[in-house]
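Laboratory data are not the source of any read-out in this text; all were calculated from the coordinates shown. Since we're looking at a predicted model, the values are computed, not measured. Ideal geometry is used to build each Cβ from the backbone, glycine not excepted, and the neighbour counts take in all protein chains shown.
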Amino acid sequence: MKQVDIIGLGEIVLDWVTEIPHFPKPDEKIDAFSENYFPGGVTANYLVATARLGGKSGFIGAVGCDSYGDFLIEDFVKEHVDTTCTKKVAGKKTPVNFIFVAQGEKTIIQSPHMQTTKIECDDLNEAYIANSKLLHTTIIHQKVTEKAIEIAERNNIKISIDLESQIALRGWNNLKNVLLKSDILLPNKEGAKAITNSNTPEKAAEILVKKGIPIVIITLGSNGVLITTNEYQKRIPTYEIKNVVDTTGAGDTFNGAFSLAYWIKDWDLEKSCIYANAAASLKIQKLGARSGMPNEIELIEFLKKNKENYF
Ligand SMILES: Nc1ncnc2c1ncn2[C@@H]1O[C@H](COP(=O)(O)OP(=O)(O)OP(=O)(O)O)[C@@H](O)[C@H]1O
Ligand SMILES: [Mg+2]
């Protein structure tokens, strides 16, 4: 079996993306500027971000037995994301998300198949996880996630969690066993605020660290990210991007680049965040979750152009 450093456990979907002039009201009919489909899914995007930057990554999860599933697996192969533990589930459909992009903002309608097309606990391969360095997950399928985390913990594999607000709505009591196992939590600000019932990301991060999560990094869109540990709290601003085309996958790109920098390259938190902000800045200038994700050369060039001392 292939050895990978970064494992993503979670969702993979096909994104149907349409650019529209504005978000329509009920009963309104509008003409779109474009229609496109792209490979997507928070965890799958995350892995492609790591692989483009040179990471050895693999996906644990499932697609349906249909042409969309084949397309998504073929794309992983093209992107050098390992599919040894990617399952095609008989009788299930590959989830499709509908994404509406207007003036750089997006609305996403998630497929009902997201919850039903999945792997089972018995599908988890202990050796695959044990031979990696990092298990990253979105907790989309909680039972399987709990089992995978148990395996990671038993084998001293680092655990990283991306908490979206949709998952945070399950509530602290339902999620705490999983969240408290993380070595790092990487929520966006809505996820962080929802899980802690707080009004600001600063407060949310303090609460999460006090509860026992060692490092919390909250992404703040155009405001960059907020690092919080027991020792300090610091916001790392990001770049001013004038032509924001599509922010879908910005967080996934940030998380992927960050994971590679911090856990695999062994850089410090701040340098890793600068690198990851830069990766996300390149991503948002293209349509589609993965289209703008940089490779290492493009990313370093961007960092040098922006006179980052570290690089
Ligand atoms: N408008 C923007 N300008 C500059 N950078 C941005 C912008 N939006 C996002 N980013 C970059 O992307 C990172 C993640 O963005 P955000 O906090 O919106 O994540 P998210 O809500 O998880 O997004 P998604 O779920 O679409 O991936 C930010 O920390 C920042 O580095
Ligand atoms: Mg996100």
For Phe100, Phe311, Phe254, what ranking results if the residue with the fewest other Cβ atoms within 10 Å of its Cβ goes first? Phe311, Phe100, Phe254
Overall Cα dimensions of the range 258-311 - principal axes, largest extent first, Å: 31, 23, 16
Mind sorting Met1, Met293 by how few other Cβ atoms lie within 10 Å of their own Cβ, fewest first? Met1, Met293
I need the P(r) histogram for the range 142-258: all alpha carbon pairs, bin width 10 Å from 0 out to the longest distance, whole percents. 13, 45, 32, 8, 1
Most packed first (mean Cβ within 10 Å per residue), the peptides 187-197, 20-30 order as 187-197, 20-30
Looking only at the range 1-80, where both bridge partners belong to it, what percent of the DSSP beta bridges are antiparallel (to the nearest 5)? 65
Binning at 5 angstrom from zero up to the longest distance, how are the C-alpha pair distances of the range 1-99 distributed in percent? 3, 13, 22, 20, 14, 11, 8, 6, 3, 1, 0
Over its alpha-carbon atoms, the range 17-67 yields an Rg and a Dmax in Å of 16.5, 47
Jot down the radius of gyration and Dmax of the range 66-172, Cα atoms only, both in angstrom. 15.6, 46
Using only the alpha-carbon atoms, what does the range 200-311 span along each of its principal axes? Please give whole angstrom values in decreasing order. 38, 26, 22
Starting at 0 and stepping by 10 Å, how many percent of the alpha carbon pairs of the chain end up in each bin? 6, 29, 37, 23, 5, 0
Where nothing but the Cβ of Lys and Arg (+1) and of Asp and Glu (-1) is charged, how large is the charge dipole of the chain around its Cα centre, in debye to the nearest 20? 560
Of the residues Gly61, Gly224, Pro112, the Cα lying farthest along the dipole of the chain towards its positive end, which is defined by charges on the beta carbon of Lys, Arg, Asp and Glu, belongs to Gly224
